[in-house]
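Remarks on the structure that follows.
The values are calculated or read from the model by the stated rules, or taken from the named source; none is laboratory data. Computed from a predicted model, the values in this text were never measured in an experiment. Cβ coordinates were reconstructed from backbone atoms using ideal geometry, including for glycine residues, and neighbour counts include every protein chain displayed. Each accessible area value is taken on the protein alone, full model and side chains, heavy atoms only, with ligands, DNA and RNA left out. Shrake-Rupley method; radii C 1.70, N 1.55, O 1.52, S 1.80 Å.
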Amino acid sequence: FIGNGIISFPCPVVDSTPDDVKLLGITWGEKIIHLCRVRLADDTPVILEDVRLPGKYSELLLEDFKNGSLYQFLREKYGVTFYTSRKSVEIEFADRYQSQELNVAEGYPLLLICGVAYDEAGIPIHSSVQHIVGDKFKLLI
C-alpha cells in the first residue's frame, strides 16, 4: 500500500533505553540503531515510523531505505526471517513534530501502532512505533 517511496532520516546509533532492554531482550548499555522514516503513498506522507534494532545489525548504517525493504535487507544480509509480531493499536492526536512530518494539522487524529517483530525462534528483531494518518490507512486483521 505504500506506493512510491520513503523519506529516510539519518540512521544514528544511540544508547539503549530501559524499553529497548525489555522489548528487544538486549543487555543494558548495548547500542541501538534508530531508523526514522516517513512512508509515502502517491507522494503523500502517511506514516511516520521509528524502528529500533539491536546494534548487531550495524550494516544498516550503510543502507539507504528510500526504495528498499528493511525486512528484505535483514533477510539478505543477516539471514533473519520474520515470523510474527505483537502490536498494540491506539488513537492519538498529532503533536507539532508529527504534524510537520505528516503534513497534517496539529491535533489531527492518528493511529498509533507500537510493536515488536520476532524471528522463528521467538527472538526480537526490532521494535517500532508508527504514527499513521488515520484517513489514509486500512488495517486488515
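Note on the chain: dipole from Cβ charges, positive end direction compared against 131, 38, 80; the farthest Cα belongs to 80. The residues of the chain expose, per residue, 58 Å² of accessible area to a 1.4 Å probe. Sequence-distant contacts, meaning Cα pairs under 8 Å at least 6 residues apart, place the relative contact order of segment 21-141 at 28 percent.
Residue by residue, segment 36-52 carries 3J(HN,Hα) couplings of 10, 8, 10, 9, 10, 9, 6, 6, 10, x, 10, 9, 9, 10, 10, 10, 10 Hz when phi is fed to the Karplus relation 6.51 cos²θ - 1.76 cosθ + 1.60 (θ = phi - 60°); x denotes Gly or Pro. Between residue 69 and residue 31, the modelled labels are 2.8 nm apart [label points 7 Å from Cα along Cα→Cβ].
Order the peptides 83-93, 26-36, 43-53 from the highest to the lowest mean number of other Cβ atoms within 10 Å of their residues.
43-53, 26-36, 83-93
Between the listed residues 110, 122, 62, the Cα displaced farthest toward the positive end of the dipole of the chain, a dipole computed from Cβ unit charges relative to the Cα centre, is found at 122.
May I ask you to give the percent of accessible area on the chain that is carbon plus sulfur, with a probe radius of 1.4 Å?
In the chain, the share of accessible area belonging to carbon and sulfur is 52 percent.
Candidates [x] 52, 29, 24; [y] 44, 29, 24; [z] 39, 30, 29; which is the computed Cα extents along the principal axes in Å? Read-out from the structure maps to [z]. Length available on full extension from residue 96 to residue 108: 0.36 nm per residue minus the Cα-Cα distance, which gives 3.3 nm.
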